[in-house]
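What follows is a set of notes on a single structure, which appears directly below.
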Amino acid sequence: MYKYDLHVHTKETSPCAHVAAADMIEVYRDNGYSGVVITDHYRPVFFNTSEFTTWEEKVEEFLRGYRNAKYQGDKYGMDVLLGIEFAFNNTKTNDFLIYGITEEMLMKSTDLFNLGFEGLSKFCKENNLLFFQAHPLRGYCNLEDIAFLDGVEVHNGNPRHDSHNDEIEVIASENDLYMISGSDFHEYGDENNGGIITSNRIKTNDDLIEVLKSKDYTLFRG
């Protein structure tokens, strides 16, 4: 069986994270994970305040945490995949976990922040991505129109927030949404608080999409 965390941040890219990517991989290896999906915060403020001028340079800067994690993961035979935690603005707001996205897509997609919620949903469908809302019932969040979501994060293991996991799981079950679990790792102590367990190794984004669509996994709640 393989255990993967689907919600992980790195210090290199997410300003609210406090553990460097290589050190995070060490922690996850020690806790028996087969791999992680790096979901650093993809928000306008990152790109608007970047010291770089071209979009390509800014995306390269954004990918630093993921690439450092992948380099360390490769040394240990761990699977490290790219995802993003997307938000349309810089304040506390709704966040969306997007799986299957590639470096090439990020390089080409300069206007994601201008698409709006329904437009972002359409973009994900057109590119065979999965579109989840992260911690939808956390205090400052509200559940978006589920008709435009593939699923929701029904277990968010971050210990500093009450994400009302039980309540969102009921909603997901009643509406046949895909359900995922993640630690929402930002600092030491957040690890091993979420993920999925599957009999299928997830080496690529295509593998991840296939596993999630098949629902051939169990939720790990830490």
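The values are calculated or read from the model by the stated rules, or taken from the named source; none is laboratory data. Note that the structure is predicted; figures quoted are calculated from it, not measured. Here Cβ is always computed from backbone atoms with ideal geometry, including for glycine, and neighbour counts include all displayed protein chains. We work out accessible area using only protein heavy atoms, side chains counted, and drop any ligands, DNA or RNA first. Shrake-Rupley method; radii C 1.70, N 1.55, O 1.52, S 1.80 Å.
Rank these by accessible area, largest first, 1.4 Å probe: Thr93, Thr53, Thr110.
Details: Thr93 30, Thr53 115, Thr110 80 Å².
Order by accessible area, largest first: Thr53, Thr110, Thr93.
Check cross-link reach from Lys108 to the lysines: straight Cα distance under 20 Å, and skip same-chain residues fewer than eight apart.
The reachable lysines, counting only those whose Cα sits under 20 Å from Lys108, are Lys58, Lys122, Lys125.
What are the GluC sites (Glu not before Pro) within region 1-80 that DSSP puts in a loop, where the Cβ has at most 10 other Cβ atoms within 10 Å?
On the way: sites: Glu12, Glu26, Glu51, Glu56, Glu57, Glu60, Glu61; in loops: Glu12, Glu51.
Loop-located and lightly packed - Glu51.
If you count the DSSP beta bridges with both ends in the chain, what percent of them are antiparallel, to the nearest 5? Intermediate values should be presented prior to the final figure.
On the way: 15 of 32 bridges.
Around 45 percent antiparallel, to the nearest 5.
Considering only protein heavy atoms, what is the solvent-accessible area of Arg160 at a probe of 1.4 Å, reported in Å² to the nearest 10?
110
How many percent of the accessible area of the chain is carbon or sulfur, using a 1.4 Å probe? It would help to have the intermediate numbers written out before the result.
On the way: 4470 of 9620 Å².
Roughly 46 percent, rounded to a whole number.
How much accessible area per residue does region 144-222 have, counting only protein heavy atoms and a probe of 1.4 Å, in square angstrom?
Details: 3680 Å² over 79 residues.
Value for region 144-222: 47 Å² per residue.
Might you report the magnitude of the Cβ-based charge dipole of region 1-60 about its Cα centre, with Lys and Arg at +1 and Asp and Glu at -1, to the nearest 20 debye? Working shown, then result.
On the way: 5 positive and 10 negative charges, 51 e Å.
With Lys and Arg at +1 and Asp and Glu at -1, about 240 debye.
Please compute the Kirkwood hydrodynamic radius of the chain from all pairs of different C-alpha atoms, in Å with one decimal.
17.2
Which of Met1, Asn114, Thr218 sits farthest toward the positive end of the charge dipole of the chain, with +1 on the Cβ of Lys and Arg and -1 on the Cβ of Asp and Glu?
Farthest along the dipole direction, towards plus: Met1.
Using a cut-off of under 12 Å, list every residue of region 152-172 whose amide N is near the label point 7 Å from the Cα of Glu187 along the Cα-to-beta-carbon line.
159-161
Each label point is 7 Å from the Cα along the Cα-to-Cβ direction; what then is the distance between the points at His161 and Arg221, in nm?
1.9
Can you tell me the dipole magnitude for the chain around its Cα centre, using point charges on the Cβ only (Lys, Arg +1; Asp, Glu -1), in Debye to the nearest 20?
Values: 20 positive and 38 negative charges, 54 e Å.
Approximately 260 debye in magnitude.
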